[in-house]
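The values are calculated or read from the model by the stated rules, or taken from the named source; none is laboratory data. Since we're looking at a predicted model, the values are computed, not measured. Cβ placement follows ideal geometry from the backbone for every residue including glycine, while neighbour counts extend to all protein chains displayed.
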């Protein structure tokens, strides 16, 4: 028995009733290229598309090209016919999708820092990535001034650059702010390509000649052992431009039986320093004068973020007291989200955790790890500050401030640790820790 289709697509073609499933194309933006359309008929016969709003969008084959801002209406049709199995199908009812065509966003890349000892000015990008002209202002006139696209440097500090572009018919308006560090202490800014590879490594280098150690490990491999014999689940990658490095520990399910523990840490030395002097002070390093924060961009993978694991951030000083010890300062960082995020930790938040027998106030690394997250509202921030202001912690912070002014910084430290991982239920089997762009003290 033949059946006739109902509705606008029925026509007079007899046959079995069919329907069209038309995927929502999603909101599109101008200048982003054609959007692929996808629709299937229950008959298996090919579906054709046509534009219902050709002034906003046009259709060619299974692609829709966005012409201007507005609502794009696209129809999907199947006129009926005989399928490969010989069955006769009636025309399907016409199906439509409507989505908003938006202006394409703009972006501009601003410098992370400038070194005014080498120059008294720096050029800001004349255009956004759209090619449209940029306008700049600053609200930190004591540090910098802006004339046109020229950033004029006045003194050390943080220069707030405000960039605007009003947009046009195709591009949305751009308004963004970015702090540019003027004359910062540069811990590192990029990595050499040979930093990539399998296993742990202590022989990598930053582009400034500082040593880099990436040491992921877990106890099924032995103490701090993660070499190429472990396969592809313990490795380091460096971005094509050398601006970022990831230390990865992807533990296979087969290794997650019973109790186990592990860590993923990255140590980055300051320019020109390739190791510690275990017999005394490590000379050189970066000397803090008026600087107040450690700034960096760090990323963790989603599984690690959802596990709620903090990152221990460290500063090691050149100051020693013999016996193969260097003074260690530590602070807690709770990632605010998965993926790359920019962070600034006040130098006054660091506390001494190893004084190498100098006799100054200190606390344990465990005390630092117990500091709660500051993210999540004013009450969370208040609890974070209260933990740092406890008498023992405050005294260790005061010691750190004093030692920072008397000894150079020779190494920074980014360390993810859970002392009692237990499979995936309470821990995490995949940890990616990424450092991207400059590490600055400003």
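One residue stands out in the range 290-308 among those that are farther than 27 Å from residue 157 by Cα and crowded, with 21+ Cβ neighbours inside 10 Å: the one that is modelled with the lowest pLDDT, namely 304. The range 124-177 holds strands (runs of 3 or more DSSP E) entirely within its bounds, and those carrying 1 or more residues that are on the phi > 0 side of the Ramachandran plot map to 157-165. For the range 325-340, residues that are under 13 Å from residue 298 (Cα atoms), out of contact with any strand residue (DSSP E or B) (no Cβ under 6 Å at 6 or more places or on another chain) and surrounded by 16 or more Cβ atoms within 10 Å (Cβ to Cβ) total 1. For the range 23-52, filtering for residues that are surrounded by fewer than 18 Cβ atoms within 10 Å (Cβ to Cβ) and outside any loop (DSSP other than H, G, I, E, B) leaves 4. Is at least one residue of the range 139-147 in contact (Cβ under 8 Å) with a residue 24 or more places away in the chain, surrounded by fewer than 17 Cβ atoms within 10 Å (Cβ to Cβ) and either over 23 Å from the mean Cα position of the chain (by Cα) or outside the structural domain of residue 344 (by TED's automatic domain parsing) (or both)? The answer is no; no qualifying residue exists.
Conditions tested, residue by residue: (1) modelled with pLDDT under 95; (2) within 27 Å of residue 186 (Cβ to Cβ); (3) in the same structural domain as residue 246 (by TED's automatic domain parsing).
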| residue | (1), (2), (3) |
| --- | --- |
| 345 | no, yes, yes |
| 356 | yes, yes, yes |
| 375 | yes, no, yes |
| 383 | no, no, yes |
| 394 | no, no, yes |
| 406 | yes, yes, yes |
| 410 | no, yes, yes |
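Which one is surrounded by the fewest Cβ atoms within 10 Å (Cβ to Cβ) among residues in the range 280-289 that are in a loop (DSSP other than H, G, I, E, B) and in contact with a strand residue (DSSP E or B) (Cβ under 8 Å, 6 or more places away or on another chain)? The selected residue is 283.
For residue 15, the requirement of being more than 15 Å from residue 97 (Cα to Cα) and assigned by TED's automatic domain parsing to the domain that holds residue 79 is not met.
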